[in-house]
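Data first, discussion second: the structure below is written as structure tokens.
Just so it is clear, none of the values below were taken in a lab; they were calculated from the coordinates. Quick caveat: nothing in here was measured; it's all calculated off a predicted structure. Because the Cβ atoms are built from the backbone with ideal geometry, glycine has one as well, and the counts that use them run over all protein chains shown.
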Amino acid sequence: MRQVYMDNAATTALNKEVLEAMTPYFTEIYGNPSSLHTPGQLAHKAVANARQQVAKALGAEDAEREIIFTGGGSEADNMVLLGIAQRYQKKGKHIITTNVEHHAVLYTCQRLEKMGYEVTYLPVDEYGRITAQQVADAIRPDTILVSVMFGNNEVGTLMPIPEIGAVCREKGVFFHTDAVQAVGHVHINVKEMNIDMLSLSAHKFHGPKGVGALYVRKGIVIPALITGGAQEHNKRAGTENVPGIVGLGKAIELACGSIDENAPRMTRLRDKLITRIPELIPEVKLNGHPTERLPGNVNFSIKYIEGESILLMLDLNGIAASSGSACTSGSLDPSHVLLAMGLPHEIAHGSLRLTLGDDTTEEDVDYVLEVLPAIVKRLRAMSPLYHE
Ligand SMILES: *Cc1c(COP(=O)(O)O)cnc(C)c1O
């Protein structure tokens with residue numbers, strides 16, 4: 001049976017070239033980057049090189065001071081929110097975000113609320129977008145941080161990041177973006193977009209899991225979340241994950257270096273699914289913005305049936321998909337993103353997310369288009385809610 005992986009928003013396959021770049025750092029070059037001997041210095045050099053690769057991919061000025069390696073995207077998000085809250089609390093205790101953020105941001109904001117901070121959750125429109133004007137209107141003298149995701153992990157909607165960056169810069173408020181879904185898939189330049197802080201994660205662009213990075217513009221002070229050793233300029237204690245960091249560097253270089261080829265190709269495959277699915281299946285609704293969306297994201301509400309039952313049937317046919325974020329599957333709660341976009345509960349349950357990667361082929365897409373309509377038909381025939 002054909003195996004089709006369409007859950008690249010949850011994680012991606014490791015690129016072979018990335019694995020090759022990492023391998024020597026598991027075997028021959030295993031020194032601790034803090035050690036002064038030659039094996040240590042070789043590891044140190046590899047980490048420094050990866051830092052340059054990340055800085056270059058983001059358009060950051062000073063790799064050494066502006067890039068901090070972390071244990072992934074969630075850690076980077078936590079570090080920004082908790083760090084800025086702690087360091088700048090004398091200026092104020094107000095934070096602005098949106099109601100469609102990843103849980104790494106949302107749950108951390110809820111923790112901050114319990115600690116006495118005030119958080120404004122800007123409501124999104126039916127496509128999952130906020131406007132820069134909403135941000136401008138919400139900023140107060142005591143606002144210390146605006147955190148708005150670059151591209152949504154469930155519905156793929158792209159936020160107007162350069163416009164929000166301009167507003168924050170003009171008002172003198174720090175601007176963080178969780179760009180975990182966007183890095184390696186859309187062009188990002190932190191300088192041109194007025195981004196002060198940015199979170200990324202290697203396993204979302206064909207790098208290894210458990211390693212990420214945080215860009216922090218020079219001049220902004222973020223205290224360490226994890227204390228101990230002096231690694232990462234005292235910003236993140238713990239012996240560096242050298243193979244992971246090397247893999248992140250290689251993956252970001254490869255992904256960002258091939259956006260001009262991959263993004264148009266993925267967008268075409270995405271749009272094939274977006275056009276064909278409603279032609280083949282009645283009563284479906286595209287979730288997210290029709291054009292302002294990540295190149296690899298397709299999300300449909302399929303009325304009258306549960307997302308989970310579609311997933312099981314797809315899996316039996318060799319297709320790996322998702323009904324929302326990996327964190328919420330397993331629970332039967334409807335997606336907070338779909339609810340925030342105004343979908344009623346019963347429709348928010350029946351969503352199907354297909355996310356493409358750099359390795360997705362036209363044949364993969366055609367196979368899904370062949371299998372999915374029959375599955376939906378069968379499930380609807382059993383659904384008490386559906387009448388043809
Ligand atoms: C995957 C993801 C994260 C979490 O990244 P991890 O590296 O898995 O911790 C955060 N934000 C968004 C938007 C994501 O898609």
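Brief remarks follow.
- Computed from the C-beta positions of GLU126 and ALA320 and an R0 of 22 Å, the FRET efficiency is 0.15 to the nearest 0.05.
- Between LEU280 and HIS103, the FRET efficiency from the beta-carbon distance, with R0 = 30 Å, is close to 0.35.
- Scalar couplings 3J(HN,Hα) for the range 274-288, obtained by applying the Karplus form with A = 6.51, B = -1.76, C = 1.60 to θ = phi - 60°, are 5, 7, 6, 4, x, 6, 8, 10, x, 6, 10, 9, 6, 9, x Hz; x denotes Gly and Pro.
- Counting neighbouring beta carbons within 10 Å and listing from fewest to most, the residues LYS90, LYS209 come out as LYS90, LYS209.
- Inter-probe distance in nm under a simple model that places probes 7 Å from Cα toward Cβ, at ASN189 and LEU339: 4.1
- Length-normalised contact order for the range 72-153 - Cα pairs under 8 Å, 6+ apart - percent: 42
- Measuring spread by the Cα atoms of the chain yields a radius of gyration and Dmax of 21.3, 73 Å.
- Charge dipole (Cα centre; +1 on Lys/Arg Cβ, -1 on Asp/Glu Cβ; no other charges) of the range 206-357 amounts to roughly 460 debye.
- Under the convention that each Lys and Arg Cβ holds +1 and each Asp and Glu Cβ holds -1, the size of the dipole of the range 276-388 around its Cα centre is about 420 debye.
- Take the Cα of ALA374, step 7 Å toward its Cβ, do the same at LEU36, and the gap between the two points is 6.9 nm.
- Only helical runs count toward this figure. For the chain, summing -39,500 (n - 2.57) over DSSP H runs of n ≥ 4 and dividing by all residues gives -12500 deg cm²/dmol at 222 nm.
- Greater than 25 Å apart at Cα, pairs in LYS93/LYS204; LYS204/LYS235; LYS285/LYS377; LYS16/LYS209: LYS93/LYS204
- Extension gain (nm, one decimal) between ASP359 and GLN89, 0.36 nm per residue minus Cα-Cα: 92.7 nm
- Residues LYS91, LYS204, LYS16, LYS235 arranged by fewest to most Cβ contacts within 10 Å: LYS16, LYS91, LYS235, LYS204
- Distance between the range 352-388 and the range 243-307 - C-alpha centres, whole angstrom: 15
- When you restrict to C-alpha pairs under 8 Å that are six or more residues apart and normalise by the size of the range 265-388, the relative contact order lands at 33 percent.
- Segment PHE26-GLN133, extension gain: residue separation times 0.36 nm, minus the distance between their alpha carbons: 33.6 nm
- Neighbour counting of Cβ atoms within 10 Å sorts the residues TYR215, TYR127, fewest neighbours leading, into TYR127, TYR215.
- Our summary gives the chain a relative contact order of 22 percent, counting only alpha carbon pairs under 8 angstrom and 6 or more residues apart.
- Farthest toward positive dipole pole in the range 239-388 [+1 Lys/Arg, -1 Asp/Glu at C-beta], among GLY244, LEU356, ALA255: LEU356
- Histogrammed with a bin width of 5 Å, the alpha carbon distances of the range 172-297 distribute as 2, 9, 15, 17, 18, 14, 9, 7, 5, 3, 2, 0 percent, first bin at zero.
- Spatial separation of Cα centroids for the range 32-73 and the range 160-178, in angstrom: 27
- Stretch gain in nm, segment LYS272-LYS171, where the contour uses 0.36 nm per residue and the Cα spacing is subtracted: 32.2 nm
- Estimated distance in nm for a label pair at GLU17 and ARG65, the labels positioned 7 Å out from Cα along Cα-to-Cβ: 3.2
- Dipole of the range 1-75, positive end: most advanced residue of ILE67, VAL18, VAL47 [Cβ charges, Cα centre]: VAL18
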